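Here is the structure we will look at.
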Amino acid sequence: MATDLPEAAVRRLESSTFSSGLSVPDFAACLELGLQPMALVQGFCVMQWGWYGAGSGYMRGASPYAWGGGASAGGYSEVYQCPHGFVSAEHRTWGQNLEQPWVEQAWASGYGTAYGRMLEEAESMGAHGVINVIDRVGSLADTGTTEFHFLGTAVRVEGGPPPAGGVPWSTYLAGQRLTKSIEAGYMPVSVVATMASVRIWAYCMTEYLMEGARAWGGPTNSQEVTQVSNAHMASRQLARKHIRSQLGGDALHGARIHVDKRNLAQGDEVIDTTIRGNRVRRFKDFDPVPLPRPTVRLT
């Protein structure tokens with residue numbers, strides 16, 4: 001089968017040495033399900049993009065209605081106006097929360113490329129699926145360079161037909177968690193993930209409060225930092241919206257949400273929310289899986 005896999009990956013997959021990322025209990029549970037582990041498969045991608053540079057279309061002090069970069073049609077944008085009037089040339093008379101679709105698209109491109117390369121390795125072996133998927137996303141340097149790394153165990157279904165379209169299914173699950181999902185009547189389709197990025201351009205009130213100034217009304221009063229609260233909520237809502245668009249009518253199980261917040265300066269922040277989960281499809285009613293055979297009898 002002709003592929004464009006790296007030469008090192010071809011050597012690893014053609015080796016007679018068996019590899020697996022499963023623990024002993026997960027390995028045993030897979031055998032009970034009729035899944036035959038084949039090999040450890042991987043996918044990599046390194047992306048470099050400017051997070052807040054060219055393309056953002058923003059300059060501090062410009063009118064929020066005068067620039068045309070950044071937000072896509074229908075994207076989240078919220079403007080905040082200073083209540084004080086003119087104070088000084090440095091006073092932030094307006095602020096804005098803005099969805100960064102170019103960041104989201106770059107993240108999705110890196111994630112999808114690494115994921116596709118892992119599936120390509122599995123497909124080249126004739127695997128039906130990839131279980132126990134682990135994805136790691138991290139910065140290689142403080143320059144907007146990000147590494148996407150996928151790792152999973154390719155499996156074959158004993159006596160099963162080839163996967164639909166020839167593309168293996170995938171799941172973060174393994175062992176008892178995978179067994180319980182299939183027992184409940186849900187079969188893995190694919191892992192899904194998305195990232196929503198919201199940039200906060202702080203206006204004067206947000207800047208004062210985020211830099212430790214006391215709330216208006218005296219030292220005993222508390223005050224919500226509304227602009228930051230709204231940005232966090234918007235980032236989470238956008239991530240949920242993006243992940244739903246990937247399901248195609250299927251269900252999302254085992255969803256995990258992670259929020260990465262980066263403080264920039266003078267109250268400015270970036271809030272990135274990622275959601276990961278298992279896209280599953282109901283294929284039968286609840287059907288208990290037979291209890292596993294004991295490996296060691298104590299009587």
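How do D260, D285, D135 rank by accessible surface area computed with a 1.4 Å probe, from largest to smallest?
Sorted by accessible area, descending: D285, D260, D135.
Taking only protein heavy atoms into account and a 1.4 Å probe, give the accessible area per residue of segment 219-268 in Å².
Counting only protein heavy atoms, the per-residue value for segment 219-268 is 63 Å².
Taking all protein chains as present, what is the carbon and sulfur share of the accessible area of segment 168-288, in % to the nearest whole number, probe 1.4 Å?
Accessible surface attributable to carbon and sulfur in segment 168-288 totals 50 percent.
Which of the lysines could a cross-linker span from K241 if the Cα-Cα distance has to be under 24 Å and same-chain partners fewer than 8 positions apart are dropped?
Within the straight-line limit of under 24 Å, K241 reaches these lysines: K261.
Which aspartates and glutamates does K180 reach when only Cα atoms under 13 Å apart count, and residues fewer than 8 places away in its own chain are ignored?
Counting by Cα, and skipping residues close in sequence, K180 has these aspartates and glutamates nearby: D26, E32, D285, D287.
Which percent of the accessible heavy-atom area of segment 75-125 goes to carbon and sulfur, probe 1.4 angstrom?
Solvent-exposed carbon and sulfur of segment 75-125 make up 53 percent of the total.
The values are calculated or read from the model by the stated rules, or taken from the named source; none is laboratory data. Everything quoted here is computed from the prediction, not taken from an experiment. SASA here: full protein model, heavy atoms, side chains in, ligands and nucleic acids out. Shrake-Rupley method; radii C 1.70, N 1.55, O 1.52, S 1.80 Å.
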